[in-house]
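Reviewing the structure listed below.
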Amino acid sequence: MDSLRDYLAFVKKRDLLLEVEEQVTREDVPELIERLSDTRKVLLFKRVKGYSCSLAANLVPSHEVFRHLFDTDNPYQYFLAGIKKTAKKVLVKRTLETVSLKGKDLLDFLPILKHYEKDSAPFITTSLAAARDPITGIVGRGIHRMEYRGKNRMGMAIINPPLVDIYKKHKAKGERMPITVTIGVDPILFLSMALKAQPGTDKLELAGGLKGKGIKVAQSLDAPIDVPAGAEIYLEGYIDTADVRRDGPLGEISGYYMVNKESPTMVVNRLSYQASPIYHALLPTSLEGDTYLTFVSQALIEETVKKQFPFIKEITFVQKTFGSCVIVSIHPADRSKIRNLILAMLASPMIKKVVVVDEDVDPADLRQIEWSISTRCLADKDIVIVEGLQGQAIDPQAEHGLGVAKMGIDATTQGKAFEEKARVASGNHRNIERILKSLGGAVCAELL
(Lines give C-alpha, C1' and ligand atoms only; values in the text may rest on other atoms or scores of the structure.)
Protein backbone atom coordinates (compact mmCIF):
# COMPACT_ATOMS: atom_id res chain seq x y z
CA MET A 1 0.00 0.00 0.00
CA ASP A 2 1.73 3.14 -1.25
CA SER A 3 -0.96 5.81 -1.21
CA LEU A 4 -4.26 7.09 0.12
CA ARG A 5 -5.88 5.81 -3.08
CA ASP A 6 -4.55 2.32 -2.40
CA TYR A 7 -6.00 2.54 1.10
CA LEU A 8 -9.44 3.67 -0.10
CA ALA A 9 -9.53 0.76 -2.55
CA PHE A 10 -8.45 -1.55 0.30
CA VAL A 11 -11.27 -0.51 2.65
CA LYS A 12 -13.83 -0.49 -0.16
CA LYS A 13 -13.18 -4.18 -0.79
CA ARG A 14 -13.89 -4.82 2.89
CA ASP A 15 -17.13 -2.80 2.91
CA LEU A 16 -15.56 -0.18 5.18
CA LEU A 17 -15.95 2.77 2.78
CA LEU A 18 -18.97 5.08 2.64
CA GLU A 19 -18.97 7.04 -0.63
CA VAL A 20 -21.06 10.22 -0.74
CA GLU A 21 -22.01 10.79 -4.37
CA GLU A 22 -24.12 13.93 -3.86
CA GLN A 23 -22.35 17.25 -4.19
CA VAL A 24 -21.52 18.83 -0.82
CA THR A 25 -20.37 22.32 0.14
CA ARG A 26 -17.18 23.00 2.07
CA GLU A 27 -19.30 24.54 4.84
CA ASP A 28 -21.43 21.39 5.24
CA VAL A 29 -18.56 18.90 5.42
CA PRO A 30 -17.62 19.25 9.14
CA GLU A 31 -21.16 18.45 10.34
CA LEU A 32 -21.44 15.62 7.83
CA ILE A 33 -18.20 14.11 9.14
CA GLU A 34 -19.45 14.46 12.71
CA ARG A 35 -22.79 12.81 11.98
CA LEU A 36 -21.38 10.07 9.76
CA SER A 37 -18.40 9.29 12.01
CA ASP A 38 -20.37 6.80 14.09
CA THR A 39 -21.09 4.67 11.02
CA ARG A 40 -17.53 3.43 11.63
CA LYS A 41 -16.88 3.82 7.93
CA VAL A 42 -14.15 5.64 6.07
CA LEU A 43 -15.80 8.61 4.34
CA LEU A 44 -15.23 9.79 0.77
CA PHE A 45 -17.06 12.91 -0.43
CA LYS A 46 -16.65 12.56 -4.18
CA ARG A 47 -17.87 16.02 -5.22
CA VAL A 48 -17.14 19.20 -3.26
CA LYS A 49 -18.78 22.28 -4.75
CA GLY A 50 -16.29 24.66 -6.33
CA TYR A 51 -13.36 22.22 -6.20
CA SER A 52 -11.86 19.68 -8.57
CA CYS A 53 -10.75 17.43 -5.72
CA SER A 54 -12.68 14.94 -3.61
CA LEU A 55 -12.41 14.80 0.19
CA ALA A 56 -11.63 11.82 2.44
CA ALA A 57 -12.26 11.73 6.19
CA ASN A 58 -12.60 9.35 9.15
CA LEU A 59 -9.78 7.23 7.71
CA VAL A 60 -9.41 5.06 10.83
CA PRO A 61 -12.79 4.90 12.60
CA SER A 62 -11.69 2.08 14.94
CA HIS A 63 -8.76 -0.12 15.97
CA GLU A 64 -10.32 -2.84 13.81
CA VAL A 65 -8.95 -1.07 10.73
CA PHE A 66 -5.39 -1.76 11.91
CA ARG A 67 -6.19 -5.47 12.15
CA HIS A 68 -6.99 -5.34 8.44
CA LEU A 69 -4.01 -3.13 7.58
CA PHE A 70 -1.48 -5.27 9.42
CA ASP A 71 -3.33 -8.52 8.61
CA THR A 72 -3.14 -9.80 12.17
CA ASP A 73 -5.38 -10.43 15.17
CA ASN A 74 -2.93 -8.54 17.36
CA PRO A 75 -2.16 -5.22 15.62
CA TYR A 76 -0.64 -3.82 18.83
CA GLN A 77 2.07 -6.46 18.93
CA TYR A 78 2.70 -6.02 15.20
CA PHE A 79 3.00 -2.25 15.65
CA LEU A 80 5.49 -2.55 18.52
CA ALA A 81 7.65 -4.94 16.51
CA GLY A 82 7.39 -2.74 13.42
CA ILE A 83 8.56 0.50 15.02
CA LYS A 84 11.76 -1.23 16.13
CA LYS A 85 12.68 -1.69 12.46
CA THR A 86 13.55 0.75 9.70
CA ALA A 87 13.61 0.51 5.92
CA LYS A 88 15.62 2.72 3.57
CA LYS A 89 13.74 5.21 1.42
CA VAL A 90 13.44 4.62 -2.33
CA LEU A 91 13.88 7.70 -4.53
CA VAL A 92 11.53 7.85 -7.54
CA LYS A 93 10.82 10.41 -10.25
CA ARG A 94 8.26 13.10 -9.48
CA THR A 95 5.19 13.24 -11.77
CA LEU A 96 2.76 15.89 -10.56
CA GLU A 97 0.75 18.84 -11.77
CA THR A 98 2.16 22.08 -10.35
CA VAL A 99 0.70 25.57 -9.90
CA SER A 100 2.50 28.71 -8.76
CA LEU A 101 0.56 30.29 -5.88
CA LYS A 102 2.22 33.69 -6.01
CA GLY A 103 -0.65 36.18 -5.95
CA LYS A 104 -3.22 33.37 -5.76
CA ASP A 105 -5.48 32.09 -2.98
CA LEU A 106 -4.93 28.58 -1.62
CA LEU A 107 -8.59 28.42 -0.59
CA ASP A 108 -9.54 28.53 -4.28
CA PHE A 109 -7.73 25.22 -4.80
CA LEU A 110 -8.23 23.24 -1.57
CA PRO A 111 -11.46 22.78 0.49
CA ILE A 112 -9.81 23.76 3.78
CA LEU A 113 -12.42 23.39 6.51
CA LYS A 114 -13.58 25.66 9.28
CA HIS A 115 -14.29 22.80 11.67
CA TYR A 116 -16.00 24.48 14.64
CA GLU A 117 -18.20 27.54 15.14
CA LYS A 118 -15.60 29.71 16.86
CA ASP A 119 -12.50 28.61 14.96
CA SER A 120 -10.45 31.65 13.98
CA ALA A 121 -10.21 30.48 10.35
CA PRO A 122 -10.20 27.36 8.19
CA PHE A 123 -7.47 24.92 9.31
CA ILE A 124 -5.53 22.11 7.68
CA THR A 125 -5.35 19.42 10.38
CA THR A 126 -3.61 16.72 8.33
CA SER A 127 -0.49 18.57 7.19
CA LEU A 128 2.72 16.54 7.31
CA ALA A 129 5.47 19.14 7.48
CA ALA A 130 9.08 18.43 6.51
CA ALA A 131 12.17 20.65 6.86
CA ARG A 132 15.90 19.98 6.69
CA ASP A 133 18.09 20.67 9.72
CA PRO A 134 20.64 23.27 8.55
CA ILE A 135 23.34 21.72 10.76
CA THR A 136 22.82 17.94 10.63
CA GLY A 137 21.20 17.79 7.19
CA ILE A 138 18.55 15.38 8.51
CA VAL A 139 14.94 16.01 7.45
CA GLY A 140 12.62 16.45 10.42
CA ARG A 141 8.95 15.59 10.03
CA GLY A 142 5.76 15.95 12.02
CA ILE A 143 2.03 16.71 11.99
CA HIS A 144 1.46 20.44 12.50
CA ARG A 145 -1.88 22.19 12.21
CA MET A 146 -2.07 25.10 9.75
CA GLU A 147 -4.26 28.22 10.01
CA TYR A 148 -5.43 29.98 6.85
CA ARG A 149 -4.18 33.59 6.95
CA GLY A 150 -5.27 34.76 3.53
CA LYS A 151 -4.06 34.16 -0.02
CA ASN A 152 -1.00 31.89 0.08
CA ARG A 153 -0.15 32.37 3.77
CA MET A 154 -0.76 29.66 6.36
CA GLY A 155 0.07 29.79 10.05
CA MET A 156 1.89 26.69 11.29
CA ALA A 157 1.85 25.56 14.92
CA ILE A 158 5.48 24.50 15.24
CA ILE A 159 5.50 23.39 18.87
CA ASN A 160 6.99 19.90 18.99
CA PRO A 161 10.39 18.50 17.98
CA PRO A 162 12.03 17.95 15.64
CA LEU A 163 10.56 20.83 13.63
CA VAL A 164 10.58 23.30 16.52
CA ASP A 165 14.34 22.75 16.93
CA ILE A 166 14.94 23.22 13.21
CA TYR A 167 12.78 26.36 13.25
CA LYS A 168 14.77 27.85 16.14
CA LYS A 169 18.04 27.31 14.26
CA HIS A 170 16.74 29.18 11.22
CA LYS A 171 15.23 31.93 13.37
CA ALA A 172 18.51 32.42 15.24
CA LYS A 173 20.18 33.05 11.89
CA GLY A 174 17.39 35.39 10.83
CA GLU A 175 16.71 33.35 7.71
CA ARG A 176 13.72 31.72 6.06
CA MET A 177 13.09 28.03 6.71
CA PRO A 178 12.38 26.06 3.50
CA ILE A 179 9.52 23.65 4.10
CA THR A 180 7.32 21.18 2.23
CA VAL A 181 3.89 20.09 3.46
CA THR A 182 2.32 16.82 2.35
CA ILE A 183 -1.44 16.13 2.49
CA GLY A 184 -3.20 12.86 1.71
CA VAL A 185 -1.28 9.70 2.62
CA ASP A 186 -2.30 6.26 3.89
CA PRO A 187 -2.96 5.81 7.65
CA ILE A 188 0.25 3.87 8.41
CA LEU A 189 2.37 6.65 6.97
CA PHE A 190 0.26 9.31 8.70
CA LEU A 191 0.55 7.53 12.05
CA SER A 192 4.33 7.24 11.64
CA MET A 193 4.65 11.03 11.44
CA ALA A 194 3.24 11.31 14.97
CA LEU A 195 5.83 8.94 16.46
CA LYS A 196 9.03 9.96 18.21
CA ALA A 197 12.08 8.97 16.21
CA GLN A 198 15.56 8.40 17.60
CA PRO A 199 18.05 11.19 16.79
CA GLY A 200 19.35 10.71 13.27
CA THR A 201 16.38 8.57 12.20
CA ASP A 202 14.01 9.76 9.47
CA LYS A 203 10.36 9.07 10.31
CA LEU A 204 9.82 7.82 6.77
CA GLU A 205 12.24 5.00 7.59
CA LEU A 206 10.07 4.18 10.62
CA ALA A 207 7.06 4.04 8.31
CA GLY A 208 9.03 1.70 6.08
CA GLY A 209 9.68 -0.56 9.06
CA LEU A 210 5.96 -0.72 9.80
CA LYS A 211 5.14 -1.47 6.17
CA GLY A 212 7.97 -3.92 5.72
CA LYS A 213 9.34 -2.07 2.69
CA GLY A 214 11.04 1.21 1.83
CA ILE A 215 8.85 4.28 1.36
CA LYS A 216 8.97 5.77 -2.13
CA VAL A 217 10.04 9.41 -1.98
CA ALA A 218 10.32 12.28 -4.45
CA GLN A 219 12.38 15.44 -4.29
CA SER A 220 10.81 18.82 -3.54
CA LEU A 221 11.28 21.35 -6.32
CA ASP A 222 12.38 24.30 -4.19
CA ALA A 223 14.48 22.70 -1.43
CA PRO A 224 16.59 19.58 -0.70
CA ILE A 225 13.68 17.88 1.08
CA ASP A 226 12.37 14.45 0.12
CA VAL A 227 8.67 13.70 0.65
CA PRO A 228 6.38 10.67 0.23
CA ALA A 229 5.93 10.16 -3.51
CA GLY A 230 2.42 8.74 -3.30
CA ALA A 231 0.84 11.70 -1.49
CA GLU A 232 -2.07 13.58 -3.01
CA ILE A 233 -1.09 17.21 -2.40
CA TYR A 234 2.15 19.13 -1.74
CA LEU A 235 2.62 22.69 -0.52
CA GLU A 236 6.12 24.07 -1.05
CA GLY A 237 7.49 27.31 0.28
CA TYR A 238 9.15 28.72 3.36
CA ILE A 239 8.49 29.73 6.95
CA ASP A 240 8.64 33.50 7.34
CA THR A 241 10.24 33.72 10.79
CA ALA A 242 9.39 37.44 10.94
CA ASP A 243 5.63 36.90 10.43
CA VAL A 244 4.49 35.57 13.80
CA ARG A 245 0.84 35.81 14.86
CA ARG A 246 -1.70 34.49 17.37
CA ASP A 247 -2.83 31.02 16.29
CA GLY A 248 -6.41 29.93 16.86
CA PRO A 249 -8.72 29.25 18.47
CA LEU A 250 -9.28 25.83 16.95
CA GLY A 251 -11.59 23.17 18.39
CA GLU A 252 -9.30 20.33 19.45
CA ILE A 253 -9.70 16.61 20.12
CA SER A 254 -10.52 17.41 23.77
CA GLY A 255 -13.74 19.07 22.61
CA TYR A 256 -12.53 22.53 23.66
CA TYR A 257 -10.96 25.42 21.79
CA MET A 258 -7.21 25.87 22.04
CA VAL A 259 -5.11 28.92 21.21
CA ASN A 260 -1.37 29.13 20.63
CA LYS A 261 -0.04 32.50 21.70
CA GLU A 262 2.02 32.71 18.55
CA SER A 263 3.02 30.74 15.49
CA PRO A 264 5.03 31.60 12.38
CA THR A 265 3.62 31.84 8.88
CA MET A 266 4.29 29.60 5.91
CA VAL A 267 4.37 31.33 2.53
CA VAL A 268 3.17 28.76 -0.02
CA ASN A 269 4.91 29.38 -3.34
CA ARG A 270 3.91 26.21 -5.11
CA LEU A 271 1.00 23.76 -5.04
CA SER A 272 1.52 20.32 -6.60
CA TYR A 273 -1.00 17.52 -6.78
CA GLN A 274 -1.98 14.22 -8.34
CA ALA A 275 -4.59 14.17 -11.11
CA SER A 276 -8.06 14.57 -9.49
CA PRO A 277 -6.53 14.86 -6.01
CA ILE A 278 -8.08 13.68 -2.75
CA TYR A 279 -7.94 16.14 0.15
CA HIS A 280 -7.65 14.47 3.58
CA ALA A 281 -9.66 16.29 6.25
CA LEU A 282 -9.54 15.31 9.92
CA LEU A 283 -12.25 16.64 12.23
CA PRO A 284 -10.43 16.67 15.60
CA THR A 285 -13.41 15.32 17.59
CA SER A 286 -14.22 12.57 15.09
CA LEU A 287 -13.31 8.94 15.67
CA GLU A 288 -10.23 9.23 13.44
CA GLY A 289 -8.15 11.43 15.73
CA ASP A 290 -9.24 9.42 18.76
CA THR A 291 -8.26 6.14 17.08
CA TYR A 292 -4.74 7.29 16.19
CA LEU A 293 -4.15 8.40 19.80
CA THR A 294 -5.59 5.36 21.53
CA PHE A 295 -4.10 2.77 19.18
CA VAL A 296 -0.54 3.84 19.97
CA SER A 297 -1.34 4.21 23.69
CA GLN A 298 -2.95 0.78 23.88
CA ALA A 299 0.01 -0.84 22.13
CA LEU A 300 2.47 0.67 24.62
CA ILE A 301 0.30 -0.15 27.65
CA GLU A 302 -0.33 -3.72 26.49
CA GLU A 303 3.44 -4.24 26.36
CA THR A 304 4.25 -2.79 29.78
CA VAL A 305 1.26 -2.97 32.14
CA LYS A 306 0.06 -6.43 31.11
CA LYS A 307 3.48 -7.87 31.91
CA GLN A 308 3.41 -6.24 35.33
CA PHE A 309 -0.17 -7.30 36.08
CA PRO A 310 -0.83 -10.65 34.35
CA PHE A 311 -4.36 -10.83 35.77
CA ILE A 312 -5.49 -8.20 33.23
CA LYS A 313 -7.95 -9.69 30.76
CA GLU A 314 -8.62 -6.73 28.47
CA ILE A 315 -7.87 -3.01 28.19
CA THR A 316 -10.39 -0.75 26.44
CA PHE A 317 -10.13 2.98 25.78
CA VAL A 318 -13.46 4.81 25.93
CA GLN A 319 -14.00 6.43 22.55
CA LYS A 320 -13.99 10.21 22.19
CA THR A 321 -12.20 10.78 25.51
CA PHE A 322 -8.92 11.45 23.62
CA GLY A 323 -7.28 8.48 25.32
CA SER A 324 -7.86 9.77 28.85
CA CYS A 325 -10.43 7.19 30.05
CA VAL A 326 -9.64 3.47 30.23
CA ILE A 327 -11.66 0.43 31.27
CA VAL A 328 -9.65 -2.56 32.51
CA SER A 329 -11.27 -5.98 32.73
CA ILE A 330 -9.50 -8.39 35.10
CA HIS A 331 -9.45 -11.99 36.21
CA PRO A 332 -9.75 -12.56 40.00
CA ALA A 333 -7.02 -10.67 41.88
CA ASP A 334 -6.14 -9.35 45.32
CA ARG A 335 -7.57 -5.89 46.12
CA SER A 336 -4.15 -4.46 46.87
CA LYS A 337 -2.92 -5.54 43.43
CA ILE A 338 -5.93 -3.86 41.84
CA ARG A 339 -4.98 -0.62 43.58
CA ASN A 340 -1.39 -0.99 42.36
CA LEU A 341 -2.76 -1.52 38.84
CA ILE A 342 -4.80 1.69 39.08
CA LEU A 343 -1.78 3.69 40.25
CA ALA A 344 0.40 2.26 37.47
CA MET A 345 -2.17 3.21 34.84
CA LEU A 346 -2.60 6.72 36.21
CA ALA A 347 1.17 7.24 35.98
CA SER A 348 0.77 7.47 32.21
CA PRO A 349 0.41 11.13 31.10
CA MET A 350 -2.24 9.99 28.62
CA ILE A 351 -4.62 8.47 31.20
CA LYS A 352 -6.77 10.49 33.59
CA LYS A 353 -9.43 8.00 34.68
CA VAL A 354 -9.25 4.21 35.15
CA VAL A 355 -12.19 1.93 35.90
CA VAL A 356 -11.43 -1.70 36.81
CA VAL A 357 -14.20 -4.27 36.33
CA ASP A 358 -14.61 -8.02 36.71
CA GLU A 359 -14.34 -10.35 33.74
CA ASP A 360 -18.14 -10.81 33.68
CA VAL A 361 -18.53 -7.17 32.59
CA ASP A 362 -18.13 -6.18 28.94
CA PRO A 363 -15.59 -3.31 28.96
CA ALA A 364 -16.98 -2.00 25.66
CA ASP A 365 -20.53 -1.62 27.04
CA LEU A 366 -20.78 1.64 29.01
CA ARG A 367 -24.15 0.59 30.44
CA GLN A 368 -22.51 -2.43 32.06
CA ILE A 369 -19.65 -0.23 33.28
CA GLU A 370 -22.05 2.18 34.98
CA TRP A 371 -23.96 -0.74 36.49
CA SER A 372 -20.71 -2.14 37.85
CA ILE A 373 -19.72 1.22 39.37
CA SER A 374 -23.19 1.68 40.87
CA THR A 375 -23.35 -1.76 42.46
CA ARG A 376 -19.76 -2.89 43.06
CA CYS A 377 -17.87 0.28 43.95
CA LEU A 378 -17.75 1.24 47.63
CA ALA A 379 -17.37 5.01 47.26
CA ASP A 380 -15.54 5.45 50.57
CA LYS A 381 -13.01 2.68 49.87
CA ASP A 382 -12.78 2.00 46.13
CA ILE A 383 -12.13 5.43 44.62
CA VAL A 384 -8.52 6.56 44.31
CA ILE A 385 -7.73 10.24 43.66
CA VAL A 386 -4.15 11.31 43.02
CA GLU A 387 -3.24 14.98 42.67
CA GLY A 388 -0.42 16.74 40.87
CA LEU A 389 0.29 14.18 38.15
CA GLN A 390 1.45 14.87 34.63
CA GLY A 391 -1.40 14.85 32.14
CA GLN A 392 -2.01 15.59 28.50
CA ALA A 393 -1.21 19.08 27.23
CA ILE A 394 -4.65 19.18 25.59
CA ASP A 395 -6.46 18.47 28.88
CA PRO A 396 -8.56 21.62 29.45
CA GLN A 397 -7.91 21.36 33.21
CA ALA A 398 -4.15 21.23 32.82
CA GLU A 399 -1.65 23.99 32.24
CA HIS A 400 0.88 22.59 29.78
CA GLY A 401 -0.11 19.08 30.89
CA LEU A 402 1.10 19.46 34.49
CA GLY A 403 -0.63 19.25 37.84
CA VAL A 404 -3.63 17.09 36.88
CA ALA A 405 -5.78 15.32 39.49
CA LYS A 406 -6.59 11.78 38.35
CA MET A 407 -9.11 9.15 39.44
CA GLY A 408 -9.23 5.38 39.64
CA ILE A 409 -12.32 3.30 40.43
CA ASP A 410 -12.32 -0.29 41.65
CA ALA A 411 -15.70 -1.51 40.40
CA THR A 412 -14.98 -5.18 41.01
CA THR A 413 -16.28 -7.70 43.53
CA GLN A 414 -12.74 -8.72 44.49
CA GLY A 415 -12.37 -9.00 48.28
CA LYS A 416 -15.96 -7.82 48.81
CA ALA A 417 -19.06 -9.68 49.90
CA PHE A 418 -21.52 -9.63 46.99
CA GLU A 419 -24.39 -11.81 45.91
CA GLU A 420 -24.11 -13.65 42.60
CA LYS A 421 -24.99 -11.61 39.52
CA ALA A 422 -28.45 -12.48 38.19
CA ARG A 423 -28.44 -13.78 34.65
CA VAL A 424 -31.40 -14.11 32.30
CA ALA A 425 -32.40 -17.73 31.87
CA SER A 426 -31.17 -19.19 28.57
CA GLY A 427 -33.69 -20.46 26.04
CA ASN A 428 -33.20 -22.57 22.95
CA HIS A 429 -30.53 -20.66 21.06
CA ARG A 430 -31.55 -21.97 17.63
CA ASN A 431 -35.20 -21.02 18.15
CA ILE A 432 -34.29 -17.56 19.43
CA GLU A 433 -32.01 -16.89 16.43
CA ARG A 434 -34.78 -17.98 14.04
CA ILE A 435 -37.35 -15.70 15.69
CA LEU A 436 -35.05 -12.67 15.69
CA LYS A 437 -34.20 -13.19 12.02
CA SER A 438 -37.87 -13.47 11.12
CA LEU A 439 -38.59 -10.11 12.75
CA GLY A 440 -36.04 -8.39 10.50
CA GLY A 441 -35.23 -4.69 10.61
CA ALA A 442 -32.16 -2.79 11.74
CA VAL A 443 -32.90 -3.20 15.44
CA CYS A 444 -33.07 -6.97 15.25
CA ALA A 445 -29.99 -7.05 13.03
CA GLU A 446 -28.01 -5.47 15.87
CA LEU A 447 -29.21 -8.21 18.22
CA LEU A 448 -28.06 -11.07 16.00
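The values are calculated or read from the model by the stated rules, or taken from the named source; none is laboratory data. Please read all numbers here as calculations on a predicted model, not as lab measurements. For neighbour counting, all protein chains shown are included, and Cβ atoms are generated from backbone atoms with ideal geometry for every residue, glycine included.
Structure notes:
- Matching entry among LEU69, LEU107, LEU36, LEU44 (being assigned to a strand (DSSP E or B) and either of a type outside the set (Phe, Trp, Tyr) or surrounded by 13 or more Cβ atoms within 10 Å (Cβ to Cβ) (or both)): LEU44
- Within segment 63-77, the only residue that satisfies the criterion of being β-branched (Val, Ile, Thr) and in contact with a Phe, Trp or Tyr (Cβ under 8 Å, 6 or more places away or on another chain) is THR72.
- For segment 265-321, a residue qualifies if it is small (Gly, Ala, Ser) and either touching a Ser or Thr at 6+ places or on another chain (Cβ under 6 Å) or not in a helix (DSSP H, G or I) (or both), and the qualifying residues are SER272, ALA275, SER276, ALA281, SER286.
- Taken as a whole, the condition of being closer than 24 Å to LEU271 by Cβ and of a type outside the set (S, T, N, Q) does not apply to ILE188.
- Unique residue being at pLDDT 95 or above, loosely packed, with under 14 Cβ neighbours inside 10 Å, under 29 Å from the mean Cα position of the chain (by Cα) and not aliphatic (A, V, I, L, M) when the list is GLU370, GLU399: GLU370
- Yes/no for LYS381 being surrounded by fewer than 18 Cβ atoms within 10 Å (Cβ to Cβ), under 30 Å from ASP38 (Cα atoms) and basic (Lys, Arg): no
Okay, residues lined up against (1) under 30 Å from TYR257 (Cα atoms); (2) among the aliphatic types (A, V, I, L, M); (3) not in a helix (DSSP H, G or I):
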position	(1), (2), (3)
ASP362	no, no, yes
VAL386	yes, yes, yes
ALA405	yes, yes, yes
LYS421	no, no, yes
ILE435	no, yes, no
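- All positions within segment 228-241 that are buried (at least 24 other Cβ atoms within 10 Å of the Cβ) and of a type in the set (A, V, I, L, M): ALA231, ILE233, LEU235, ILE239
- For segment 270-295, residues that are farther than 25 Å from VAL48 by Cα, buried (at least 23 other Cβ atoms within 10 Å of the Cβ) and in contact with a helix residue (DSSP H, G or I) (Cβ under 9 Å, 6 or more places away or on another chain) total 1.
- Subset of segment 42-78 [more than 18 Å from SER192 (Cα to Cα) and among the basic types (Lys, Arg)]: LYS46, ARG47, LYS49
- When PRO199 is tested against (1) touching a Phe, Trp or Tyr at 6+ places or on another chain (Cβ under 9 Å); (2) outside the structural domain of MET146 (by TED's automatic domain parsing); (3) assigned to a loop (DSSP other than H, G, I, E, B), just one condition goes unmet, and that condition is (1).
- Residue satisfying all of: in segment 5-33; part of a helix (DSSP H, G or I) and of a type outside the set (A, V, I, L, M, F, W, C); nearest to ALA281 (Cα to Cα) among these: PRO30
- Every pair of residues 6+ apart whose Cβ atoms lie under 9 Å, when the first sits in segment 275-304 and is farther than 24 Å from PHE45 by Cβ while the second is part of a helix (DSSP H, G or I) and small (Gly, Ala, Ser): THR304/ALA344
- Among residues of segment 242-269, those that are crowded, with 17+ Cβ neighbours inside 10 Å, touching a Gly at 6+ places or on another chain (Cβ under 7 Å) and not aliphatic (A, V, I, L, M), counted: 4
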